[in-house]
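Okay, structure first, notes after.
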Ligand code: AGP
């Protein structure tokens, strides 16, 4: 996903657009650009690379005006270059457009326009839309009509903001499949692809729905459908605060978000989990009160870290709720033939709530009659709005590309859902109360686990030259191992693999050589003795074992080369604490290699196309 912002107000637009783009840079960071409108002209500045390049271009040649649009790009169509950077401008130089999404029929539009004598300048799909709007506008002089006309022709997905050289007081935005939020402040209107760009400037927002077009102008906000039917938009308060979106003394968002986990978990459980109670309270499922006991099968899906959380959910739901559970990559589910029987609840997991594959999978299972729930962090996001019911994470904005606090909050929410469903079936009040108490104690235990920061840093520095790592776990900690490996890969670019420990002897053991780091998650649960045997296997091949183990476990201290001790908890909740040293290790491994942990190469925070 790329970051989009549009500003219309009384302040210098370039400054505000650049400030907003800085908050969106985690969404795309290979090139950036902006356009303002003043003196009947578009003022366009674009630069390859991080936003500093754009800031320099603006310092050298300021862009005047109080209306502007901007974009920070994560290249999909066309390499990162100045020509391919947004905004794209039509041939007559009157229309500027920034775009998130993919225009699938761009080749057909381009060939039609080239046939009309229009000259293209970039390799992007986006330019076809800018040129098509410009083509209609040159014939009619009707800006809104031209945007609607072009969008009716476009196939694919878009979140766009459009500026016109002839209208210094009018900004147009539209959405199909790519998120856009409009914020209203004092004397200003801002459109952005993510609430992060609006925080601190506006207090009220409205989310655009698919096929809606809004015209922001002197009269405020006017919304219509692509087919010109008027729509009433409701404003709601913007929940995120400036403090949440800033670094607050930490060096990186990833570090901040790792350390925010005790609070994020408290927020995820606030009002839902009470020590001493024998039931959890999930307001988001209230409307489902009658259906809840009838669920016989759960289908969980998501991507990346959210998929790992879903795998942990499988253990929780089967063990606590006694519900047969399957987990799917959303990207695979959407192209399969999923069988949805009566009594199936499909649960979409997503930090952003905007991941394209997860949205597509959600729509697929809905079209087959599944009842759907969302476990989502992004308030008002597409998945939150399109699921039948759901439970928000309330983890606060997650900006670091590597997901950390959303992962542990997802596990906590899954545990609460499993307890809720379990209690409505066979789970005794005593067992439920015991697990509720354990859950309530997790934030404190996570705080304790965060004390491993120094040890994780020293370890990461010692292992800086190792290019292959293995992560092993069993049972509910197999997904923890997968997540540990993903965290390392994405921020330190080191090859890492997560495996169920017992699978080692079926092939991967051949990879172990002298000094290879093997991270073993080994709490004292029912798989403990087996995991000790796996450690011996690795040691006898001279692998270097780093164990994540329960405090006070002396046996493991004798076997492993190094132990990261975490507080004890109920075996099913162990991933909540075991994952902390793995996150810290990845963070420090990336720093030791000199990488930008918040903006790892080739990645963007949300994959919306
Ligand atoms: C996690 O560290 C990743 N950056 C990525 O795998 C992410 O979890 C995935 O893209 C899904 O995102 P979502 O939770 O916002 O849907």
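The values are calculated or read from the model by the stated rules, or taken from the named source; none is laboratory data. It should be emphasised that the depicted structure is a prediction, and the values quoted were computed from it without experimental measurement. With ideal geometry, Cβ positions are generated from the backbone for all residues, glycine too; neighbour counts draw on all protein chains shown.
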Restrict the check to the range 275-289 and report whether at least one residue is part of a loop (DSSP other than H, G, I, E, B) and farther than 20 Å from residue 412 by Cβ.
-> yes
Picking from 430, 434, 386, which residue would you name as being closer than 30 Å to residue 20 by Cβ and either surrounded by fewer than 19 Cβ atoms within 10 Å (Cβ to Cβ) or more than 16 Å from the ligand (Cβ to nearest atom) (or both)?
-> 386
Test: residue in the range 168-187 that is more than 26 Å from residue 386 (Cα to Cα), under 26 Å from the mean Cα position of the chain (by Cα) and not in a strand (DSSP E or B) | no
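Among the residues in the range 407-415, are any within 14 Å of the ligand (Cβ to nearest atom), surrounded by fewer than 22 Cβ atoms within 10 Å (Cβ to Cβ) and either over 30 Å from residue 581 (Cα atoms) or at pLDDT 95 or above (or both)? Break it down stepwise before answering.
Step one: filter the range 407-415 for residues within 14 Å of the ligand (Cβ to nearest atom), giving 407-411, 413-414.
Restricting the remaining residues to those that are surrounded by fewer than 22 Cβ atoms within 10 Å (Cβ to Cβ) gives none.
No.
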Give the number of residues within the range 247-294 that are within 21 Å of residue 450 (Cα to Cα) and at pLDDT below 90.
-> 3
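Here is a yes/no grid of residues against (1) modelled with pLDDT of 95 or more; (2) on the phi < 0 side of the Ramachandran plot; (3) within 16 Å of the ligand (Cβ to nearest atom); (4) crowded, with 23+ Cβ neighbours inside 10 Å:
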residue: 298; (1), (2), (3), (4): yes, yes, no, yes
residue: 301; (1), (2), (3), (4): yes, yes, yes, yes
residue: 306; (1), (2), (3), (4): yes, yes, yes, yes
residue: 310; (1), (2), (3), (4): yes, yes, yes, yes
residue: 314; (1), (2), (3), (4): yes, yes, no, no
residue: 318; (1), (2), (3), (4): yes, yes, no, no
residue: 330; (1), (2), (3), (4): yes, yes, yes, yes
residue: 335; (1), (2), (3), (4): no, yes, no, no
Can you name every residue in the range 110-134 that is buried (at least 22 other Cβ atoms within 10 Å of the Cβ) and assigned to a helix (DSSP H, G or I)?
-> 126, 127, 128, 129, 130, 131, 132, 133, 134
Would you be able to tell me the number of residues in the range 85-104 that are under 16 Å from residue 157 (Cβ atoms) and either more than 27 Å from the chain's Cα centre (by Cα) or in a strand (DSSP E or B) (or both)?
-> 5
Sole residue being under 26 Å from the mean Cα position of the chain (by Cα), more than 24 Å from residue 123 (Cα to Cα) and buried (at least 24 other Cβ atoms within 10 Å of the Cβ), chosen from 20, 6, 70, 28 | 20
In the range 359-380, what count of residues is obtained for those that are over 11 Å from the mean Cα position of the chain (by Cα), crowded, with 20+ Cβ neighbours inside 10 Å and within 13 Å of the ligand (Cβ to nearest atom)?
-> 5
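Consider the range 477-521. How many of its residues are assigned to a helix (DSSP H, G or I) and within 16 Å of the ligand (Cβ to nearest atom)? So that I can check it myself, show each step before the final result.
Our first condition is that a residue be assigned to a helix (DSSP H, G or I); within the range 477-521, this holds for 477-492, 501-506, 508-511.
Going one step further and asking which of them are within 16 Å of the ligand (Cβ to nearest atom), we end up with 479-492.
Looking only at that region, the number is 14.
Over 20 Å from residue 180 (Cβ atoms) and in a strand (DSSP E or B): is that true of residue 54 in this structure?
Judged against the criteria, residue 54 is not a match.
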